[in-house]
Number of protein chains: 2
Amino acid sequence: MAFRFEILKKDLFSKARLGRISTDHGSFSTPAFLPVGTQGTVKSLTPEELVEVGVEAILGNTYHLYLRPGHDTIGRLGGLHTFIHWERPILTDSGGYQIFSLAKLRKISEDGVTFQSHIDGSLHFLTPEKVVEIQRTLGSDIAMVLDECIPYPSPYEYAKASTSLTIRWAKKSLEQRQETDPALFAIVQGGMYQDLREESAQALVKMDFQGYAIGGVSVGEPKSLMRSVLEWTTPSLPENVPRYLMGVGTPEDILDAVMLGIDLFDCVLPTRNGRNGMLFTSIGKMSIKQAQYSEDERPVDETCACYTCRHYSRAYLRHLYLANEILSSRLNTIHNLYYYMNFIKSIQEAIREGRLLNFYKTHCSRPNGLETEGSAHRLNTWG
Amino acid sequence: MAFRFEILKKDLFSKARLGRISTDHGSFSTPAFLPVGTQGTVKSLTPEELVEVGVEAILGNTYHLYLRPGHDTIGRLGGLHTFIHWERPILTDSGGYQIFSLAKLRKISEDGVTFQSHIDGSLHFLTPEKVVEIQRTLGSDIAMVLDECIPYPSPYEYAKASTSLTIRWAKKSLEQRQETDPALFAIVQGGMYQDLREESAQALVKMDFQGYAIGGVSVGEPKSLMRSVLEWTTPSLPENVPRYLMGVGTPEDILDAVMLGIDLFDCVLPTRNGRNGMLFTSIGKMSIKQAQYSEDERPVDETCACYTCRHYSRAYLRHLYLANEILSSRLNTIHNLYYYMNFIKSIQEAIREGRLLNFYKTHCSRPNGLETEGSAHRLNTWG
């Protein structure tokens with residue numbers, strides 16, 4: 001696997017960096033947002049449509065693909081890229097988060113985790129080693145180590161034991177890795193405890209992974225605490241590898257995290273919100289089902305150039321949503337992903353041109369600007 | 001409304017004709033198959049995708065659009081074409097079939113029909129005149145008169161009274177028609193009774209409509225009876241206007257009816273079957289959920305050039321279907337509509353080249369050739 005991360009520019013007024021990740025399936029710019037393709041499809045869209053809205057890389061959920069259709073099946077069919085007709089980079093998660101949020105009757109041991117499938121109740125046992133093997137078989141470009149994602153809040157002693165286990169699992173994962181495998185990223189855990197976060201980061205950094213993720217955030221904690229976790233963790237991470245904040249988030253969360261040095265993001269928010277009729281616009285969020293749009297001829301966002309905004313009125317989108325039409329999910333998802341990809345491109349441009357702080361200030365003053373209140377909730381990463 | 005029907009070629013060995021219908025929104029070739037866009041969308045597809053699979057005209061359901069979002073709303077938003085971003089011809093039905101298949105508590109009188117919405121139970125009264133007005137407001141290219149679609153079987157006396165009423169309603173509809181209105185087609189009823197079918201056709205033909213439809217078939221009667229209805233009816237219809245068989249059907253039904261002189265068809269079969277994982281192929285029907293396809297790398301149909309067959313395996317389509325993914329409906333619908341449009345184009349070509357009888361023979365001998373058994377069931381025209 002030819003994996004490479006280059007930093008093209010560092011921001012002077014924050015820890016933000018502009019970079020580029022290269023893989024066997026091409027390269028993409030960072031900061032990057034990866035839409036979630038849970039079951040081998042970013043819900044409702046074709047690969048061509050993803051490219052059209054500006055997507056450069058996607059995430060696949062190992063947990064879901066392992067259970068259905070099975071990684072071996074995908075492997076025999078030529079790997080995940082061929083199977084789903086997506087030629088660009090794919091990052092697969094480890095399933096850790098899903099095992100702890102979706103699966104039933106999970107039981108953790110030193111060696112791994114036993115759980116029941118949420119689909120058919122069948123029993124499974126996954127180890128750190130097996131999870132590396134699964135992602136190898138899928139043929140992903142960036143693989144994640146198996147971790148335990150603990151709930152919020154968790155008692156200190158539990159968080160401490162779990163953090164140690166995740167570190168030991170990371171070591172096993174690395175030992176299992178082969179030369180031709182996907183790039184392997186470790187996941188920093190540690191709950192909401194500064195010392196555990198620091199210990200976790202420092203222990204993992206010593207092992208020399210090709211990237212570092214911050215896990216266990218966006219699990220219901222206050223937004224301010226998510227920011228604290230980033231502040232405790234990122235200083236311990238090496239400069240020259242990508243940093244990935246898993247399962248985050250709103251545009252505001254992303255901008256915040258970019259300024260703290262994060263390079264990669266994934267989240268179901270734009271896709272799931274789209275299916276639920278919640279649209280991101282340059283003047284705030286829009287719930288398309290509202291009666292006020294019933295005869296509104298305007299596009300969702302008059303400043304937007306996406307397919308949806310070029311051809312359809314708010315009135316039509318409202319009608320499709322209320323009539324429970326499949327096209328509603330499609331058109332809304334296209335718009336929301338376009339919004340996200342455009343937002344991330346604006347961040348990249350701002351870093352490149354040395355005006356990120358100014359971009360931040362402008363964004364804060366917008367009607368849907370930074371939300372400093374509320375909780376950070378990772379929606380189940382069920383795309 | 002500039003409505004015109006030209007016959008370009010008549011088949012020597014059957015009553016089939018190759019023709020062209022011109023409207024204010026362009027023209028299309030006949031025999032034609034119109035996919036059903038019930039609620040202002042051919043389920044799961046964009047207009048661009050319809051064009052890509054070869055669709056030249058679509059059907060909209062007046063009953064559904066009247067109830068939601070309302071014809072007046074669509075009218076104020078510039079008409080149905082603008083509302084749904086479809087620039088080519090639209091035929092709207094009268095709602096007659098839906099009132100008698102979907103609505104609750106329907107009560108018929110000389111003046112019209114009272115019914116309860118299947119959506120919210122609200123009470124509505126539609127008259128033949130109102131139905132013409134609704135379709136005028138929608139801005140459709142071809143409108144249908146309000147008819148009563150009687151169930152199969154129906155007693156003779158009931159069928160006779162209903163057939164007379166539909167004739168009186170047709171007259172009222174025609175009187176309501178204005179110069180700039182859509183072309184108006186009458187609907188021949190008469191149940192499964194030869195004399196009533198003949199009376200209905202002859203009475204309506206005297207009124208000089210711009211086209212004639214055959215309704216009240218594909219309601220559960222044996223296939224042989226549907227054919228009889230066509231044989232009783234078509235001889236009474238004028239040569240120089242289009243003939244439309246409503247709600248039909250399988251490729252075999254269509255070919256059969258073309259040879260009896262039918263020019264227009266609509267049916268939910270390719271779209272609904274697609275969403276249900278039933279695919280039309282050159283070697284027969286395929287139920288994509290079957291285990292035999294779980295690792296099948298081949299496209300659905302190796303002779304097919306549709307987007308789905310160019311890029312996806314049976315194994316992936318099976319996976320999407322079992323995982324209940326939206327993309328499953330999309331890819332299957334694209335394939336099935338492509339199959340239908342290709343089939344209808346083959347029929348057009350065969351007429352043009354004077355080899356329709358040969359085409360018929362070849363088609364009969366194929367594995368999914370003519371089904372002469374079974375019942376003709378119009379699926380609720382709920383696209």
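The values are calculated or read from the model by the stated rules, or taken from the named source; none is laboratory data. The structure presented is a predicted model; accordingly, all values stated were derived computationally and were not measured. Ideal geometry is used to build each Cβ from the backbone, glycine not excepted, and the neighbour counts take in all protein chains shown. When the accessible area is computed, the model is the full protein with side chains, heavy atoms only, and any ligands, DNA or RNA have been set aside. Shrake-Rupley method; radii C 1.70, N 1.55, O 1.52, S 1.80 Å.
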Protection proxy ranking of B:339-352, A:88-101, B:207-220, B:228-241 - average other beta-carbon atoms within 10 Å, highest first
A:88-101, B:207-220, B:339-352, B:228-241
Farthest positive-ward along chain B dipole, Cα basis, beta-carbon charges - from B:Thr46, B:Leu320, B:Met1
B:Leu320
Label distances, nm, A:Arg68 versus same residue in remaining copies, Cβ-directed 7 Å point:
2.7
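To the nearest 20 debye, what is the magnitude of the charge dipole of chain B about its Cα centre, counting +1 on the Cβ of each Lys and Arg and -1 on the Cβ of each Asp and Glu?
Magnitude of the dipole: close to 360 debye.
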Under 5 Å from the placed amide H of A:Ala213, counting only residues 5+ away or on other chains, we find A:Ala186, A:Ile187, A:Val188, A:Tyr244
Give the average, rounded to an integer, of partner chain Cβ atoms located within 10 angstrom of each Cβ in B:156-169.
0
Given a 1.4 Å probe, how much area per residue of chain A is accessible, in Å²?
36
Taking every residue in B:319-328, how many Cβ atoms of other protein chains lie within 10 Å of its Cβ, on average?
6
Give the distance, in whole Å, between the Cα centre of segment A:303-336 and the Cα centre of segment A:12-63.
23
In terms of modelled amide H atoms, which long-range or inter-chain residues lie less than 5 Å from the amide H of B:Val219?
B:Arg378
In whole Hz and in residue order, list the ³J(HN,Hα) couplings for segment A:10-25 that follow from phi through the Karplus curve 6.51 cos²θ - 1.76 cosθ + 1.60, θ = phi - 60°; x for Gly and Pro.
10, 6, 7, 9, 8, 8, 5, 9, 9, x, 8, 9, 10, 9, 5, 9
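Using +1 on the beta carbon of Lys and Arg, -1 on that of Asp and Glu, and nothing else charged, what's the dipole of the protein assembly as shown about the Cα centre, debye to 20?
For this selection, approximately 220 debye.
Per residue of A:305-312, how many C-beta atoms from partner chains lie within 10 Å of its own C-beta, taken as a mean?
2
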Per the Cauchy relation, a quarter of the hull surface: what is the mean projected area of the convex hull of the alpha carbons in chain A, in nm²?
17.8
Within the accessible area of segment B:233-329 (1.4 Å probe), percent carbon and sulfur
46
How would you rank A:68-77, A:107-116, highest first, on the average number of other Cβ atoms within 10 Å across their residues?
A:68-77, A:107-116
On the accessible surface of segment A:129-207, probed at 1.4 Å, how many percent belong to carbon and sulfur atoms?
53
Calculated FRET value between A:Met207 and A:Leu12, using beta carbons and R₀ = 30 Å, to 0.05
0.45
Most mobile listed residue (A:Pro155, A:Pro242, A:Pro31) in chain A, GNM with C-alpha springs under 10 Å
A:Pro155
With unit charges on the beta carbon (Lys/Arg positive, Asp/Glu negative), name the residue among A:Met207, A:Thr114, A:Gly95 whose Cα is farthest towards the positive pole of the charge dipole of the protein assembly as shown.
A:Thr114
In the structure shown, do any of A:Lys223/A:Lys285; A:Lys10/A:Lys171; A:Lys43/A:Lys289; B:Lys10/B:Lys160; B:Lys107/B:Lys172; A:Lys15/A:Lys289 have a Cα-Cα gap over 29 Å, and if so which?
A:Lys10/A:Lys171; B:Lys10/B:Lys160; A:Lys15/A:Lys289
Just how far, in whole angstrom, is segment A:82-111 from segment B:210-247 if you go by their alpha carbon centroids?
56
Pair B:Glu353, B:Tyr156: separation of 7 Å Cα→Cβ label points (nm)
4.9
Can you give the charge dipole size of segment B:161-266 about its Cα centre, rounded to the nearest 20 debye, using +1 on the beta carbon of Lys and Arg and -1 on the beta carbon of Asp and Glu?
300
From the backbone phi of segment B:115-131, what are the Karplus-calculated ³J(HN,Hα) couplings (6.51 cos²θ - 1.76 cosθ + 1.60, θ = phi - 60°) in whole Hz, Gly and Pro given as x?
8, 9, 4, 6, 7, 10, x, 5, 8, 9, 10, 10, 10, x, 5, 5, 5
Just to be sure I understand: if you take the accessible area of chain A alone plus chain B alone and subtract the pair, with a 1.4 Å probe, what total do you get in Å², rounded to 100?
3300
Spin-label point model (7 Å from Cα, Cβ direction): what's the A:Asp72 to A:Ser294 distance in nm?
5.7
If labels are modelled 7 Å from Cα along the Cβ direction, B:Ser122 lies from its partners in the other copies at nm distances, smallest first, of 4.9
For chain A, calculated [θ]222 nm from helices alone, where every DSSP H run of n ≥ 4 adds -39500 (n - 2.57)
-11500 deg cm²/dmol
Taking the label point 7 Å from Cα along the Cα-Cβ vector, the copy-to-copy distances for B:Ser282, listed from shortest in nm with one decimal, are 4.9
Helix A:156-176 axis, angle to chain A major axis (alpha carbon atoms, nearest 10°):
80
